[in-house]
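K.L.:
Before I ask anything, let me first share the structure, which is written out below as structure tokens.
The values are calculated or read from the model by the stated rules, or taken from the named source; none is laboratory data. Just so it is clear, the structure is predicted and the values come from calculations on it, not from any experiment. Positions of Cβ are backbone-derived with ideal geometry, glycine not excepted, and every protein chain shown enters the neighbour counts. To get the accessible areas, we keep the full protein, side chains included, count just its heavy atoms, and leave off ligands, DNA and RNA. Shrake-Rupley method; radii C 1.70, N 1.55, O 1.52, S 1.80 Å.
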Protein chains: 4
Amino acid sequence: MARLDEQAHGVYPISATPFTDAGGIDWESADQLTDFYLTCGVHGLTLLGMMGEAQKLTLDEAAAFAARVIRRVDARVPVVVGVSAGGMAPMAELTARVMDAGAAGVLVAPPTGLRTDDQIFDYFRGVVETLGPEVPVIYQDYPPTTSVFLSATLFLRMVRAYGSMVMLKLEDCPGLDKLTRIRADSARDGLRRVSVLVGNGGLYFPQFLERGADGAMTGFAFPDMLVQVYERFGAGDREGAEDLFDAYLPLVIYEQQPGYGLAVRKEILRRRGAIRSAATRAPGPRLRPADAVEIDRLIGRLERRLGLPGLHTGS
Amino acid sequence: MARLDEQAHGVYPISATPFTDAGGIDWESADQLTDFYLTCGVHGLTLLGMMGEAQKLTLDEAAAFAARVIRRVDARVPVVVGVSAGGMAPMAELTARVMDAGAAGVLVAPPTGLRTDDQIFDYFRGVVETLGPEVPVIYQDYPPTTSVFLSATLFLRMVRAYGSMVMLKLEDCPGLDKLTRIRADSARDGLRRVSVLVGNGGLYFPQFLERGADGAMTGFAFPDMLVQVYERFGAGDREGAEDLFDAYLPLVIYEQQPGYGLAVRKEILRRRGAIRSAATRAPGPRLRPADAVEIDRLIGRLERRLGLPGLHTGS
Amino acid sequence: MARLDEQAHGVYPISATPFTDAGGIDWESADQLTDFYLTCGVHGLTLLGMMGEAQKLTLDEAAAFAARVIRRVDARVPVVVGVSAGGMAPMAELTARVMDAGAAGVLVAPPTGLRTDDQIFDYFRGVVETLGPEVPVIYQDYPPTTSVFLSATLFLRMVRAYGSMVMLKLEDCPGLDKLTRIRADSARDGLRRVSVLVGNGGLYFPQFLERGADGAMTGFAFPDMLVQVYERFGAGDREGAEDLFDAYLPLVIYEQQPGYGLAVRKEILRRRGAIRSAATRAPGPRLRPADAVEIDRLIGRLERRLGLPGLHTGS
Amino acid sequence: MARLDEQAHGVYPISATPFTDAGGIDWESADQLTDFYLTCGVHGLTLLGMMGEAQKLTLDEAAAFAARVIRRVDARVPVVVGVSAGGMAPMAELTARVMDAGAAGVLVAPPTGLRTDDQIFDYFRGVVETLGPEVPVIYQDYPPTTSVFLSATLFLRMVRAYGSMVMLKLEDCPGLDKLTRIRADSARDGLRRVSVLVGNGGLYFPQFLERGADGAMTGFAFPDMLVQVYERFGAGDREGAEDLFDAYLPLVIYEQQPGYGLAVRKEILRRRGAIRSAATRAPGPRLRPADAVEIDRLIGRLERRLGLPGLHTGS
């Protein structure tokens, strides 16, 4: 299968990992969810991110889940897989398995505990050397969980040094100025222009696109909206893109609740028919009655609002 | 002046502290900003929060600024003042000065470094004992800056033990379930019901009101919107409240950028004529050209949207 | 094999996991190291702690290493195994395998990200329910890495609620007062007295013993010294215990360098003939020439000092 | 008075700030403590560090305390003063006052919340520009409290850019390799060689001296020992230096208990006749009976040990 490169763009949803109520991987839902994402018109797919509850799977489960989805996607879009681990040995093993299965590249988040620029730089030298030049690497930025902060300066230092680092999943918040600096300094210094996809549920997506993002990589449960915003924006319809985005903004925000988002998103995916059960593995958030009422209400309001002119999503 | 008590409610904006471009306190703008807030219909006023750049003032400046605003307010609404400090001695001194000047109560945030429930509980015992039973205390929750997390259980333990703690400024994110637990457990155990105002720029304000919040305490630069949402909600117009809130949501979110919000808010307050200069004291964020373009665009979109039926704000 | 219970005491070294220079587990050294610990007179053995580089092993490697050592120990002392994981599912799987292999109990550290007392309490309810009442659980306290802080109050709340929690590995620093409170409050409230073994390389070991610790659980590379200190103390020879401890204190401190200790300890174990290679898996610290010189010097000074009266260790 | 420069060396104790039992500054003890330090043979004096409870003083108290001690020292040794603050405005004001009073330079710690190398670098540009080129600045490294980590690379970047930065108070732990890199890279690149004094109560002092430290800056309550270790080392008596250091090591360690050290040190200073009361300002640690027993015991053991050949301290 084709490898990910710096031209990657569009919407790469971070897939949930569906479980049965008994706690095992729900293989049937895995296929169904894959089909759902493809129907949404996504440009790629991301497995085993934090939204994918990666850290709650054994290595064997992770490799099997990735292989199943990659087979189902059948090369229609690139599939990238999170392989972050506590050590290079398990990271290398999982990487080998998913690349063999046809993954287009891997995401690696820096481990909690790295602090200085040099520590982060050195860690990723270990990563790219261990995985080898043939494995495209995505830097997975997520300070709220990792407490590891990446400056524009440091990222470009890695772009210079590590040829296999082809993408930044920018999940810092706000990150707007960080993206502007990455684009400006990269151009000034004549560096290769890498792909930047933004996370955070799509927060600030219109602003990020304007500042030079290539798309989004997030677990937001309406990837079809993100696809349309991306396409409207690409077609020059900035206002239309932003109108549509704003209509979903209350749900974007609602899903962004730290520690709760996973449960909210799985519940919405279930309601949308993408998976059979909203079960998460422990430890994980559990929706309470008040949450379900709020989701009902927000979806009801969204549907009424989508009746307004200019907002038809076609989905 | 009247002291704050558990019945406090409504919108208490967290005031900016206006500076001249040269860096001194802009006393004229202080008056003007006070008038602006009162014109917005606010129910109270909060000085020297993080939005007020409290940590960048000397104790003398802080006391003088609070006295000036309290005099200008002239008892029309209660004014509460942030007095968090590295030690009880400076906290007590600032508290004495602002209470003498007519403050209705003080906000205290736990210092970075407290970790366990017992450490937080013990710290606030020190606070309420030092300040004395006559000084109403607001617990200022703000984990992103303090890294101190408050559970519902611990807060109610303090409500039981510390009679002068009359309000929680809930700024945890998400905090929705925390509020629900506080209300439910407090009722179950027959505790006095304290006031809970929510922060975070108003994020989730409709949901918080539904779950039992008494209002908002935030630096969001359109407190008039929050006042109207609060009033519509109180009048039973939940849909109208939420429609209005959603219209401003892109700006709520935009102002919420960690570390950037202060500069964005001061710029918007300047544009609204509330202060003469958007200057912040160092160290502080500085807006860049791309930020100004985004603010223009977001305000332009808001104005067009407010032309839609049902959204007239009257301001 | 016998299960761990509240009477556990003595010195439980945290075993290194030996690797070959090529990076695989060095099975021969695993046996040799096990024999070394037993020769030191230890009262138990701990596998797959942080010193054991647990997070750099796959689940299969972890289970195989534990089984090998347990077989070699052959029931002469209890062997406990670290099973901390990102989710309950992999934790349950590893636990099942090591308990089947004959482990006496498991260590579980709270995951980074837990903050309030309730969050920690709830997490461990999940642990003890998942693992079942037959699996003895050791609470592994290690705030420098986990950023999770455990108060005496919270620990005793868990002792009350979770019958299978039989031991605290206390690694908070300082922790002296924490231990005193645990013993005093537990006695006052008539709770079962659980075992407390202290970590941190043995730092403050004499003081901890005096305050009621039952022994030590640490990766310090001279467990024979800890055994003798423990025994002298138990025999009433407090001065002799402390004299011996102080002789090793420069090395205790030297090994305690955060992030470096692992490499120092493996190097000392290699010099002592306990393992064949000091290799650590990546990412990990690497000794530099200046470090080796310091180790030489510290060991040289120790040997000269052990020549003084009263310090003969017999090893 | 002479300004601090890159040649600064020796032992700069971090002075306690003595309080009366009623909580005010104990001015008489301030003089007495100053005399005590001078009698110990120190090479400089540091006021208003964390050991000096700086954050619990008002700006007026801080300035008055510094002026009093500086007057008492009467130019016999340089006095440097901590001026860290939440904003540049109060930092500039305190700096102006203490420099006017005769301080030789100031210490500035980065505020909690800085994360990337660029953020730290930019913060200190603000500091040196605000304070001006005439004020020597000491970078105060203390990650356990600030959570701000300084790499050798970043420090040397500041040495290049900020001419007034003349010293590093290195308090990272371990920091041994950091010092080695600073010395090696600075020499390789032909940078000016700045002074590095180490903190952490003197932990690893012999190793640090060997690796190129210029002395110590710490609140350890036996600065006379540090002076003698420094001098023996300078005289080529490495073994004698280390013998003396090791004799005090149990007390070095005991004082290093995070969050407790302040109370232990003030108690020891009181016992040594340097201050009249061991009172600390709230919030602060309070010694319990078990702590006092341990201090008795450790000092008793030290005194017996100092009776051994080679350890006479002359104090």
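K.L.:
Can you tell me which of A:197, A:33, A:154 moves the most in a GNM of chain A? Springs connect C-alpha atoms under 10 Å apart.
P.N.:
Result for chain A, Cα springs under 10 Å: A:154 fluctuates most.
K.L.:
Quick one: which residues, 5+ away or cross-chain, put their amide H under 5 Å from the amide H of residue A:80? H built at 1.01 Å from N.
P.N.:
Amide H to amide H, under 5 Å and 5 or more residues apart or across chains, residue A:80 pairs with A:45, A:46, A:47, A:104.
K.L.:
What is the distance, in nm, between label points placed 7 Å from the Cα along the Cα-to-Cβ direction at residue B:134 and at residue A:96?
P.N.:
It works out to 7.6 nm between the two label points.
K.L.:
Return the distance in nm (one decimal) between the two label points of a simple spin-label model at residue A:5 and residue B:2, each offset 7 Å from Cα along Cα→Cβ.
P.N.:
7.1
K.L.:
Between chains A and B, what is the buried accessible area summed over both chains (1.4 Å probe, protein heavy atoms, nearest 100 Å²)?
P.N.:
2800
K.L.:
Right, here's the next one. For residue D:271, which inter-copy label distances result when the label point lies 7 Å beyond Cα on the Cα-to-Cβ vector, reported in nm to one decimal and in ascending order?
P.N.:
Nearest to farthest, the other copies are at 3.3, 6.5, 6.6 nm.
K.L.:
Another question, if that's okay. With θ set to phi - 60°, apply the Karplus curve 6.51 cos²θ - 1.76 cosθ + 1.60 along region C:135-143 and write out the HN-Hα couplings as whole Hz, x wherever there is a Gly or Pro.
P.N.:
Here the 3J(HN,Hα) series is 9, x, 10, 10, 7, 9, 8, 7, x Hz.
K.L.:
With 18 Å as the limit, write out which pairs from C:178/D:266; A:56/A:266; B:56/D:56 have Cα-Cα distances beyond it, or answer none.
P.N.:
Working: C:178/D:266 21 Å; A:56/A:266 16 Å; B:56/D:56 16 Å.
C:178/D:266, as the Cα separations exceed 18 Å there.
K.L.:
Oh, and also: If Lys and Arg each add +1 and Asp and Glu each add -1, what is the summed charge of the other residues whose beta carbon sits under 13 Å from the beta carbon of residue D:241?
P.N.:
On the way: positive: C:297, C:301, D:232, D:238; negative: D:210, D:231, D:237, D:239, D:242, D:243, D:246.
Result for the neighbourhood of residue D:241: -3.
K.L.:
A further question follows. For region A:55-192, taking Cα atoms only, what is the radius of gyration to one decimal and the Dmax to the nearest whole Å?
P.N.:
Here Rg and the maximum Cα pair distance are 15.3, 45 Å.
K.L.:
On to the next question. Convex hull volume of the Cα atoms in chain B, per residue, in Å³?
P.N.:
So the per-residue hull volume is 120 Å³.
K.L.:
Continuing with this model, one more query. In a shell of Cβ-Cβ distance under 11 Å around residue D:136, excluding residue D:136 itself, what net charge do Lys and Arg (+1) and Asp and Glu (-1) give? Don't skip to the end; give the middle numbers.
P.N.:
Details: positive: D:3; negative: D:5, D:6, D:134.
So the surrounding residues net to -2.
K.L.:
With respect to the symmetry axis carrying chain B onto chain C, which residue of chain B exhibits the smallest Cβ distance to that axis, and what is the value in whole Å?
P.N.:
Axis-proximal residue of B, distance in whole Å: B:117, 2.
K.L.:
If you don't mind, there's one more thing I want to ask. Give the nm distances, rounded to one decimal, from residue B:100 to the matching residue in every other copy, measuring between label points 7 Å along Cα toward the beta carbon; shortest first.
P.N.:
Reported distances to equivalent positions: 2.3, 7.5, 7.8 nm.
K.L.:
Just to verify a number: what accessible area does residue D:97 come out at with the full protein assembly present, 1.4 Å probe, Å² rounded to tens?
P.N.:
90
K.L.:
Taking the Cβ of residue B:73 as the centre, find all other residues whose Cβ is under 14 Å away and add up their charges (Lys, Arg: +1; Asp, Glu: -1).
P.N.:
+1
K.L.:
Say a label goes 7 Å from Cα toward Cβ at residue A:290 in every copy; what distances in nm does this one have to the rest, shortest first?
P.N.:
So the label point of residue A:290 gives 3.8, 4.0, 5.5 nm to the other copies.
K.L.:
Follow-up question, since we're still on this one. I need the calculated FRET efficiency for the pair residue C:38 and residue C:293, taking r as the beta carbon distance and R₀ as 45 Å, to the nearest 0.05.
P.N.:
Values: r = 32 Å, r/R0 = 0.71.
The value I calculate is 0.90.
K.L.:
While we're on this one: Over the heavy atoms of residue D:134, what accessible area does a 1.4 Å probe trace out, to the nearest 10 Å²?
P.N.:
130
K.L.:
Using all alpha carbons of region A:1-81, what is the percent of pairwise distances in each 10 Å bin, ordered from the shortest bin to the longest?
P.N.:
Going out from 0 Å in 10 Å bins, region A:1-81 shows 18, 55, 24, 3, 0 percent.
K.L.:
Taking a quarter of the surface of the Cα convex hull of the protein assembly as shown, what do you get in nm²?
P.N.:
44.4
K.L.:
Scan around residue B:10 for amide H atoms under 5 Å from its own, H built in the peptide plane at 1.01 Å from N, and keep only partners 5 or more places away or cross-chain.
P.N.:
Result for residue B:10 returns B:215, B:216.
K.L.:
In bins 5 Å wide, starting from 0, what share of all Cα pairs of region B:142-220 does each bin hold, as a percent?
P.N.:
Per 5 Å bin, starting at 0, the Cα pair percentages come out as 3, 16, 29, 26, 17, 7, 1.
K.L.:
What's the FRET efficiency of residue A:122 with residue A:304 using the Cβ-Cβ distance as r and R₀ = 41 Å, to the nearest 0.05?
P.N.:
0.20
K.L.:
Here's something else I'd like to know. Does region D:239-297 come out rounded, prolate or oblate, given a ≥ b ≥ c as the square roots of the eigenvalues of its C-alpha gyration tensor, rounded meaning a/c under 1.5 and, failing that, prolate meaning a/b above b/c?
P.N.:
prolate
K.L.:
Would you mind pulling out the separation of the Cα centroids of region B:90-144 and region D:207-222, in Å?
P.N.:
38
K.L.:
For region A:5-52, what Kirkwood radius comes out of the mean inverse Cα-Cα distance, in Å?
P.N.:
11.6
K.L.:
Work the Kirkwood hydrodynamic radius out for region A:47-118: mean of 1/r over every pair of different alpha-carbon atoms, inverted, in Å.
P.N.:
The answer is 12.6 Å.
K.L.:
Next up: Suppose R0 equals 41 Å. What FRET efficiency, 1/(1 + (r/R0)^6) with r the Cβ-Cβ distance, do residue D:188 and residue D:75 give to the nearest 0.05?
P.N.:
0.65
K.L.:
Taking θ as phi - 60°, what are the ³J(HN,Hα) couplings along region A:287-299 by the Karplus curve (6.51, -1.76, 1.60), each to the nearest whole Hz, with x for Gly and Pro?
P.N.:
5, 10, x, 4, 5, 4, 4, 5, 5, 3, 5, 5, 5
K.L.:
Apply the Karplus curve 6.51 cos²θ - 1.76 cosθ + 1.60, θ = phi - 60°, to the phi angles in region D:226-241 and return the couplings in whole Hz, x for Gly and Pro.
P.N.:
4, 4, 5, 4, 4, 6, 4, 4, x, 7, x, 8, 4, 5, x, 4
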